[in-house]
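The values are calculated or read from the model by the stated rules, or taken from the named source; none is laboratory data. What you are looking at is a predicted structure, and each value in this text was computed from that prediction instead of being measured. Positions of Cβ are generated from backbone atoms using ideal geometry, with glycine treated the same way; all protein chains shown enter the neighbour counts.
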Amino acid sequence: MSKVVDLCVIGAGPAGLAAAARAAEGGLHVLLLDEQSAAGGQVWRNAGTALAGGLMPTTQAEKVYHGAGAALQRLAASGVDHRAGATLVDIAQPETGPETKSAPEAAPGPEAMVEITWRAPFGAEAPRVRQTAARAVIAATGAQERPVIFPGAELPGVMGVGAIQTAYKQSGLVPDGEGVVLAGHGPLLLLTLAQIRAAGGRVAAVLDLGPPGAMAAAARALPRALIGDPALMAQGVGLMLRRALSGVPVHRGVTGLRAHGTHRTGSIEAVSFTSAGRARRLPARLLGVHDGVIPNAQVSRLLSLRHVWDAGQGAFVPVRDADGAVAPGIWIVGDGAGIGGAGIAAVDGEQAALAVLARTGRARTRGAASGPQARRAAFRRGAFPARADGRACHR
Amino acid sequence: MTVDVAIIGGGLIGLATAFEARQHGLSVQVIEAANCGRHASSASAGGVRSLNRHMAEIPLARAALDLWRGLAERLGHDVGFVQSGQMRLAEDVAGMAAFEARIARLADAGWTHERLSSARHLRVRLPDSAPHCRGALVVDDDGFADPLATLHAYRCACLAAGVTLSEGCAVHGVVRAGAGALAIDTARGEIRARHVVNCAGAWGGDLVADERIAMRTAALQMIVTAPVAPFVTPVIGVHGRKLSLKQTDTGAVVIGGAFEGHLRHARDAVAARGDLDPGRIGASLANAVAVFPHLAQARILRAWSGLEGIMPDGLPVLGPSGRVPGLIHAFGFSAHGFALAPLVGRMVADHLHSGAGVGAMAPFSVARFGTDAPARQKEMSDA
Amino acid sequence: MGVHATDDALICRCENVRVADVLAALGTGIDGPNRVKAMTRCGMGPCQGRICANPLTRLIAAETGWSPDTVGALRIRPPLKPVLLMDYLAPEIVPELSA
Amino acid sequence: MSLFRRTSPPAEAITIEVDGRAVNACAGDTVATAMLAAGFGSIGANVKSGRPSAPYCLIGVCFGCQCTIDGASDAQACLVLARDGMVVETPQPLTRDGGLA
């Protein structure tokens, strides 16, 4: 058994799955660490159960999980050592040349190891922290909802709209009963609204935090932004959203959002805000908030990499080269390098895997470098809209 | 325009010297390559310790304690000083014997601030300490302070007192510039000063071309846990183990002990940093759990490292340069400079003002590194 | 930084740091996220900035008028997630990739 | 009254223990979604104030669901799959309604 793995991939969402499978198919020895309890990341969460009809009608599952089934089968067939529930603790960049004050720092050789410190899955026997040396690392740690800061945001009963999505994908949970309010903007809010109503739930109000016109733009952007295959989804979802919005009071241009309640009870009591110049207060038990998604930058910050602010996304993104490399032996791919959605993430992962294969002299002609590159450019040109959901205006 | 005093290095030593020099009415400029307190000052566990000090440093450490007691008032900002006492545990008979020998040696030199504490007292004062501990060496009026609060206090006090603070300004060297003046070559051009104080920490040995002083840069690792129930007030060390452990008022446990990480970009004061060595972190934690077994269940929230200049004999370089008149050295505190900073600031400032005080700095003079001086036996105490 | 981030809103929910506390720190000449963290403890909790880092940079940028690139972001330290001390005592080397 | 209800066909039923009480859940739930479905409005507690905290992100980012599971106090309920017989202890169980009654 080798003392070193050729490649360690962090994160088993669309980008990580593509990177790990492509590298293993190219003959590399791949360790895939993912802190979630099953492969698929957030967009393809619990894909296996859903596609087997265990969560939602399979027709709906095929739309929501477009591409997930193939990616999971590819992973299973690729021989990647996948550790679900394994948490990344630290990444130490390869040892540079002998570090003395007089000798300038020598660049690490091709065989320089990246040291991964990780914690074995829940339930493994202590001490759970493990160390693995890897010739290369591809970090694909995805995105998170941008935290919305307002008084009362920390009260039980306030959660991200993405979290409501996660509760639905993980366990088929849907907000229940009176006082369900959604506040924010962007495609995810509308998709969640539609799912709640499709499951017989009621939404008391939608508070549009985006600038004027954001709600309509979000409706147009939804098919591509969230669900993999734009062509398949284009018409159906637009119709579903118009029906979902009917009969739900929408308060536009909301400012001064505040949630009211105590920490003791498991839900809030009310939300207050200003809309069209008027102060409002609505009884509420569950408030879902959403202000877009941002890269999970913990790994790129841990590595002290250079970042630049992407004004469109309202977040920092790590500076990468064409293949997504950020340091000797280290690549960052997928939403963790900048929000692009599931489609681009898979291409990004594939691209980095090919760069790792090329570096270790094992680049196979099948799926040569130009393939994903060409697909990636095509995808960028046409498929993904400019950021459509607008931003809450800055103070 | 020539400033009275230019201070190279914006860590605690530099800021303390700047503040005290201003109190003497001198015009002062601090020149810092990165930002104030970037390295050693923010990697300290905050121990204000005279316990187990190198004999030459005891007078400084005891005098520093008096200054710490009044420091918050003097600076107008809280520094988080708590007179918690410091304890150094012994896990076996050999440890207790070493403590007894230490106390005898101190008594011969007229010092009585360290005392022995029996296993029974230890059980009462530290009920969570491991049963095998045999006793402790204790200094009751030692304590700890909050390094970040102290740094902020000095920085604000310096600005309020009219110190010029130039951050992000790297220094390339110091040379003589005519009668009674020195020229400092910086990234933003030349600065002239009547006096220059070298508080450049790990980079202090490279400042003067013809007075290079060999020192090692170490990336000392610190670990902090999530809050746990209060179990200790004094700062804890252990005979024969690299450990410094303290519990803050928020309940968090700060664990240090001079375990070194991997040095990166050592020569560049801005980019230099220490990457952590998981194996050595494990060793540091094992020392903590050996003495406080219940800490095994604590959660580690963060680990970081700061760069320290370590001198071959473990003592700082403090006092006038042997080659460049008007240049004063104050660096190389080898991981135990936090407690001494307020006093070193006063000593150097008083010397700048009146020329006096060279005698008190003699044991730490740069002269000891003359080509013929025998390499001192390394008697380094714990951080 | 979003028109809802009033002074009493929590920007760091791990350490209970309010927007007002950050503004007070900025008032004393502290100008970067890492120095605001050292002064207010914003970002020192278990999530280590996952919730407060983005809003903190945007709040400092909005208050100082600087660009987010100039303001910078919180440094992130290992461990990326809180780890039990006993789990970290002797990191086991794992090259053997058993099932 | 729970903020959520289940809409998917019944999966294999399991039972976990939360602060000493038996809680019905389904295979495939995480401990967090199992507790949300069973009406727990909060799981974790703020380390400084002790006030109850609830899942905000459900993907392991916000630490609102940090609790002790099978003796491990570093668990995030949203990242741990619920298993039959699991023992969950929430921090500060008495500070929330429906806590250790």
Consider segment A:335-349. How many of its residues are within 8 Å of the chain's Cα centre (by Cα) and either closer than 10 Å to A:Ala139 by Cα or basic (Lys, Arg) (or both)? 1
For segment C:35-53, name all the residues that are away from chain A (no Cβ under 13 Å) and at negative phi. C:Arg35, C:Val36, C:Ala38, C:Met39, C:Thr40, C:Met44
Return the total of residues in segment C:1-48 being under 8 Å from the mean Cα position of the chain (by Cα) and within 24 Å of A:Gly256 (Cα to Cα). 2
Run A:Val4 past the list (1) touching a Gly at 6+ places or on another chain (Cβ under 8 Å); (2) under 30 Å from A:Ala112 (Cα atoms) and report the number of the one that doesn't hold. (1)
Under the condition of being more than 30 Å from D:Ala75 (Cβ to Cβ) and crowded, with 22+ Cβ neighbours inside 10 Å, which residue from segment C:1-34 is farthest from the other protein chains (Cβ to nearest Cβ)? C:Val22
For a quick check of your reading: which strands (runs of 3 or more DSSP E) sit entirely within segment B:134-240 and have at least 1 residues that are over 24 Å from the mean Cα position of the chain (by Cα) and in contact (Cβ under 8 Å) with a residue 12 or more places away in the chain? B:135-139, B:171-176, B:182-186, B:189-198
Kindly indicate whether B:Val208 is over 30 Å from B:Arg62 (Cβ atoms), buried (at least 24 other Cβ atoms within 10 Å of the Cβ), of a type in the set (A, V, I, L, M) and modelled with pLDDT under 95. no
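With the condition kept exactly as written, say whether any residue in segment B:114-123 is in a loop (DSSP other than H, G, I, E, B), touching a strand residue (DSSP E or B) at 6+ places or on another chain (Cβ under 7 Å) and among the hydroxyl-bearing types (Ser, Thr, Tyr). Write out each step before concluding.
At the first step, the residues of segment B:114-123 found to be in a loop (DSSP other than H, G, I, E, B) are B:114.
Next, only the ones that are touching a strand residue (DSSP E or B) at 6+ places or on another chain (Cβ under 7 Å) stay: B:114.
Retained after the next criterion (residues that are among the hydroxyl-bearing types (Ser, Thr, Tyr)): none.
No.
Pick out, from segment B:1-104, the strands (runs of 3 or more DSSP E) lying fully within it that include 1 or more residues that are under 27 Å from B:Leu137 (Cβ atoms), touching a residue at least 40 places away in the same chain (Cβ under 8 Å) and in contact with a helix residue (DSSP H, G or I) (Cβ under 7 Å, 6 or more places away or on another chain). Full working, then the answer.
Numbers: elements: B:2-8, B:28-31, B:86-90.
Qualifying strands (runs of 3 or more DSSP E): B:86-90.
Check A:Arg280, A:Arg301 and return the single one that is without any contact (Cβ under 8 Å) to a residue 24 or more places away in the chain and outside any loop (DSSP other than H, G, I, E, B).
Details: A:Arg280 fails: without any contact (Cβ under 8 Å) to a residue 24 or more places away in the chain.
On inspection, the qualifying residue turns out to be A:Arg301.
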Which one is farthest from the other protein chains (Cβ to nearest Cβ) among residues in segment D:69-101 that are part of a helix (DSSP H, G or I) and in contact (Cβ under 8 Å) with a residue 24 or more places away in the chain? D:Pro93
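Which residue, of C:Leu56, C:Leu80, is at negative phi and either more than 8 Å from chain A (Cβ to nearest Cβ) or not in a loop (DSSP other than H, G, I, E, B) (or both)? Explain how you work it out, then say what you get.
Working: C:Leu80 fails: either more than 8 Å from chain A (Cβ to nearest Cβ) or not in a loop (DSSP other than H, G, I, E, B) (or both).
Checking each option against the conditions leaves just C:Leu56.
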All but one of (1) crowded, with 24+ Cβ neighbours inside 10 Å; (2) closer than 24 Å to A:Ile339 by Cβ hold for A:Leu31; state the number of the condition that does not hold. (2)
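Need a quick list: helices (runs of 4 or more DSSP H) entirely within segment A:11-102 having at least 2 residues that are away from chain C (no Cβ under 14 Å) and in contact with a Phe, Trp or Tyr (Cβ under 9 Å, 6 or more places away or on another chain).
Values: elements: A:14-25, A:47-51, A:58-64, A:68-78.
The qualifying helices (runs of 4 or more DSSP H) are A:14-25, A:47-51, A:68-78.
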In the set B:Leu75, B:Leu65, B:Leu71, which member is touching a strand residue (DSSP E or B) at 6+ places or on another chain (Cβ under 8 Å) and at pLDDT 95 or above? B:Leu65
Per the list (1) in contact with a Ser or Thr (Cβ under 8 Å, 6 or more places away or on another chain); (2) under 24 Å from B:Cys169 (Cα atoms); (3) buried (at least 22 other Cβ atoms within 10 Å of the Cβ), residue check on B:Arg273 breaks on (3)
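Which residue out of A:Leu51, A:Leu32 is within 22 Å of the chain's Cα centre (by Cα) and more than 28 Å from A:Ala136 (Cβ to Cβ)? Give the derivation first.
Numbers: A:Leu32 fails: more than 28 Å from A:Ala136 (Cβ to Cβ).
Unique residue meeting the criteria: A:Leu51.
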